[in-house]
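S.K.: I have a structure I would like to understand better, so I am pasting it below and will then ask my questions one at a time.
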Amino acid sequence: FSHEERMARSYRRKAKEIVLAVILTREQDKGEILEWYLNEIYYGNLAYGIEAAAQTVFAKPASELDLAESALLAGLPQCPRCYDPLSPDPETTASARGRQRVVLDLMVESGLITEAEADRAARKRLTYNEPDDDLLLAPHFVVWVEEVLEEMLGAERLALGGLEITTSLDLQLQQVGERVVREQVERLRDRHDLTNGSLVALEPRTGQVLALVGSADYFDTEIDGKVNVALRERQPGSSIKPLTYVTAIEQGMSPASVLWDVPMEVELAGGELYEPVNYDEEFRGPVRLRAALANSYNIPALKLLRDIPPLETEEGWKYGVELTVDTAHRMGITGLNRPPWDYGLSLTLGGGEVTLMDMTTAYGTLANGGEMIRPHPILRVTSSDGEVLYDLLEDEEALTPEPAVSEAAAYIVTDMMSDNNARSPAFGTSSALNLGVPAAAKTGTTNDFRDNWTVGYTPYLVTGVWAGNSDNAPMSNSSGLTGAGPIWNGFMRNVIFDETLLDIVRKVRADFDLDFPRAFERPSDVVDVRVCRIESLRELSSACHEWQSELFIRDNVPDGLEQVGSGDPALDGLPPRAAGDGWSVVGAVVIPMPPPPPELVAQAAEKDEELQWATARLCRPDQFGADRVQPVAVVELPAVTDDHPFIFEWAAAHGWSAVDNAEACTPEMAGAAMEPGSLPGPGQYLAAEGLPVPNNAEYRIAMVPGTVLNSAVTITGTALFNRDEIQFFKVELGQGRYPGEWVTIGDIHADPVLDGPLERLDAAALPPGDYVLRLVLVQRDGNVLEPPFSVPFLIAPGG
């Protein structure tokens, strides 16, 4: 048979086989036919024939094999990969011994050996040959490629040999990956009981596997070094949270949506109540999706998964957990195949198991604008006579992306994960996630510090890292940021800032006619919207004095929020200034209450009692028009009423006197909150009357985010403070969307200012681009009053 005939499935071939078999059995003894067969078939590990198999597996000739060894080899041809006795995977080697037992039992049934002989052979400890692979480069990748080839071409074709394989791996990038994994493991081995690490690097648009480090040392048996951890399922910790967030964005939520970071109770399968906590065991009250994801807060993520708007499908209604599992599968996760509610809300904290390869693929889907490409380790396969058996460039199906999530949702989650300013409260400004170039990243740490993850990407390179112990032993206080993060940062920086290595990635894309973007391209249906800065509500302000720009999908902008611009100069020009100062989302209104009457204060002092007085209230604005609510600071309450007691408890502990949620705001309450001079909080108009200003300061810059400047302007605003606590205020300027350095404009100022000039800025002298102004109050002890008031603006091209 020619190769084509052997591969063909036809009646003609079958008839020819029957005729040849009849001729063969007439002319040759069956023992000789069996001998030929055993000397030709594939036994795995590139061993063809029983003699090669005996030498490869046991380092001895076939004539010296005993019963146990012979039975093991006799069972391999059925599936050489499934029963590979030399595999680093203990499950595979156990399968090989199981197959050996099948062969022995068949020999007992045939009367060739006794049952006692079979039992002795099955119990015998076998000594396998250790192959001389000291010079093997990228060993885990090579072993994986062999498995992929067998699935691609079939064991029969692979057994014929004579193939030339061109893989996607670049040896220079591979060596960088191996080095940074090895160095970090050695650095943390003694301090954190960390012994192993793994790394996968992909080009996201074509799925090419550029580097694969399966373990810190392939030849270290103490860490099971031959096990390719990149292909083994582990719990991903918080690194899987972005899949929950992108699902929520797909379902109409936005980075501005409010989540309540207060205690919650989760009922487990047995009815037991579980009270989750954040990594620092703190509660922050109302937080936005952006801050919750960027700082990896656990409780908001659990509530988000619970509260994702349901979707009606042909199979019925699907809720958060089901929708997120569906998203994960579309994005490239091949695991998580149990019923979704088996995982429950713990799914978003890493309650399921996934492989590093799959997680890197899923993040690559975000880098690829929401379209999934499977990993491809093989570029080309040719036979010994030059026939092309496979070519990735010609494989249209492999290179056709599978839609997973919308481009807008992928971009928004990418923006949240690349927001160094947003994640600074938890990670600091100079963490391992900050590369100094546009890059999105997320860490993950499992319970008892058993797994550390960091996965992240630029538009042209996605890298996933796992660190831990192969035997699942816990590490000592090693998190995703400290364990896996430095490996991710080291590999990415080595590639990004070394032009030789960067050119490798650039050429990988150029070979497939792809450009080389340095920044994430914003879709036209992602717009900027002006929203109230949620943290300002903790200052008990009657109106929102601090604003920020947030991203929304154009069709999902709620009524009452004003679009600032799409961010695409070709569509909108430079973002226009926004008018109005309200945010009328129906929810709970924070109503600051007037200070206690002096006579009550005096009465309490006479009795030496502490006066209990509410500084603010929470109520619902459903009894009067939205126009009356609009200037009032608003926070949405969740639909799950079980959360409300925890919300009110948190509010009371932070200066908000929480009334029953059933009580609606009255026009009188809202009207009182809007009256100048009636508020005890930062809206202190008392300074204008020459009265003492209380300890809590009020400070803001009167500039709309996204304002375009092109000439010298006076920066106006308010800086009210107690001189006994604050030394001075100053205005600082930073360049870029998230400045790393700040420069003081003009002088420092010791006197308070109410709605007046703060400083002078010569915008015409600055180059075009993004900038941020911030108002800083310096306390008597030299520390800055947190947080400074910041507002982004633009310098127009052309000055």
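S.K.: Can you find a residue that is open to solvent by 10 Å² or more (accessible area, probe 1.4 Å) and either at pLDDT 95 or above or of a type in the set (Lys, Arg) (or both) anywhere in region 426-438?
M.R.: no
S.K.: Pick out the one residue from 37, 42, 11 that is of a type in the set (Ser, Thr, Tyr) and in contact (Cβ under 8 Å) with a residue 12 or more places away in the chain.
M.R.: 42
S.K.: With the condition kept exactly as written, say whether any residue in region 109-116 is open to solvent by 80 Å² or more (accessible area, probe 1.4 Å) and within 30 Å of residue 232 (Cα to Cα).
M.R.: No - not one qualifying residue is present in region 109-116.
S.K.: Just to be sure I understand the filter: pairs with C-beta atoms under 6 Å, separated by 6 or more residues or on different chains, first member in region 97-125 and farther than 21 Å from residue 57 by Cα, second member part of a helix (DSSP H, G or I) and of a type in the set (Asp, Glu). Which pairs pass?
M.R.: These pairs meet every condition: 108/115.
S.K.: Is there any pair linking a residue in region 757-769 that is more than 21 Å from residue 797 (Cα to Cα) to one that is in a loop (DSSP other than H, G, I, E, B), with Cβ under 9 Å and at least six apart or on different chains, and which?
M.R.: Pairs found: 758/702.
S.K.: On to the next question. Which one of these does residue 58 not meet: (1) more than 30 Å from residue 141 (Cβ to Cβ); (2) modelled with pLDDT of 85 or more?
M.R.: (1)
S.K.: Continuing with this model, one more query. Scan region 107-126 for residues that are under 51 Å from the mean Cα position of the chain (by Cα) and either among the aliphatic types (A, V, I, L, M) or under 17 Å from residue 81 (Cα atoms) (or both) and report the count.
M.R.: 3
S.K.: Report every pair of residues separated by at least 6 positions or lying on different chains whose Cβ atoms are under 7 Å apart, first residue within region 439-461 and of a type in the set (Asp, Glu), second open to solvent by less than 10 Å² (accessible area, probe 1.4 Å).
M.R.: Listed pairs, sorted by first residue: 451/237; 451/466; 451/468.
Residues are listed down the side, and each one gets a yes or a no for (1) farther than 30 Å from residue 446 by Cβ; (2) among the aromatic types (Phe, Trp, Tyr); (3) touching a Lys or Arg at 6+ places or on another chain (Cβ under 7 Å):
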site: 472; (1), (2), (3): no, no, yes
site: 478; (1), (2), (3): no, no, no
site: 483; (1), (2), (3): no, no, no
site: 486; (1), (2), (3): no, no, no
site: 491; (1), (2), (3): no, yes, no
site: 500; (1), (2), (3): yes, no, no
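S.K.: Return the residue satisfying two criteria in turn: it lies in region 37-55 and is outside any loop (DSSP other than H, G, I, E, B) and open to solvent by less than 50 Å² (accessible area, probe 1.4 Å), and of such residues it is nearest to residue 142 (Cα to Cα).
M.R.: Step by step, filter region 37-55, then rank; the result is 44.
S.K.: Would you tally the residues in region 335-373 being part of a loop (DSSP other than H, G, I, E, B) and either among the aromatic types (Phe, Trp, Tyr) or in contact with a Leu (Cβ under 9 Å, 6 or more places away or on another chain) (or both)?
M.R.: Qualifying residue count, region 335-373: 6.
S.K.: If you don't mind, there's one more thing I want to ask. Mind checking which strands (runs of 3 or more DSSP E) fall wholly inside region 377-468 and carry at least 1 residues that are among the aromatic types (Phe, Trp, Tyr)?
M.R.: 388-391, 451-457, 462-468
S.K.: Across region 773-799, which residue is modelled with the lowest pLDDT among those that are at positive phi and out of contact with any helix residue (DSSP H, G or I) (no Cβ under 6 Å at 6 or more places or on another chain)?
M.R.: If we take residues in region 773-799 being at positive phi and out of contact with any helix residue (DSSP H, G or I) (no Cβ under 6 Å at 6 or more places or on another chain), then 798 is modelled with the lowest pLDDT.
S.K.: Considering region 193-209 alone, what residues qualify as being buried (at least 21 other Cβ atoms within 10 Å of the Cβ) and either among the charged types (D, E, K, R) or within 19 Å of residue 449 (Cβ to Cβ) (or both)?
M.R.: 194, 195, 196, 197, 198, 203, 205
S.K.: Find the strands (runs of 3 or more DSSP E) located wholly in region 690-799 whose residues include 2 or more that are polar (S, T, N, Q), and list them.
M.R.: Because the criterion is at least 2 residues that are polar (S, T, N, Q), the strands (runs of 3 or more DSSP E) in region 690-799 that meet it are 712-720, 726-735.
S.K.: Output the strands (runs of 3 or more DSSP E) that fall wholly within region 219-319 and possess 1 or more residues being open to solvent by less than 40 Å² (accessible area, probe 1.4 Å) and among the acidic types (Asp, Glu), or say none.
M.R.: 258-261
S.K.: Taking residue 250 as the residue in question, decide whether it is at pLDDT below 95 and over 28 Å from residue 506 (Cα atoms).
M.R.: no
S.K.: Something else about it: Using beta carbons and a limit of 9 Å, which pairs, at least six apart or on different chains, have the first residue in region 734-749 and at negative phi and the second one among the aromatic types (Phe, Trp, Tyr) and assigned to a loop (DSSP other than H, G, I, E, B)?
M.R.: 734/742
The values are calculated or read from the model by the stated rules, or taken from the named source; none is laboratory data. All values reported here derive from a predicted model rather than from experimental measurement. Heads up, the Cβs are rebuilt from the backbone with ideal geometry, glycines too, and the neighbour counts pull from every protein chain shown. Note: accessible area is taken over every heavy atom of the protein model, side chains too, but ligands, DNA and RNA are not part of it. Shrake-Rupley method; radii C 1.70, N 1.55, O 1.52, S 1.80 Å.
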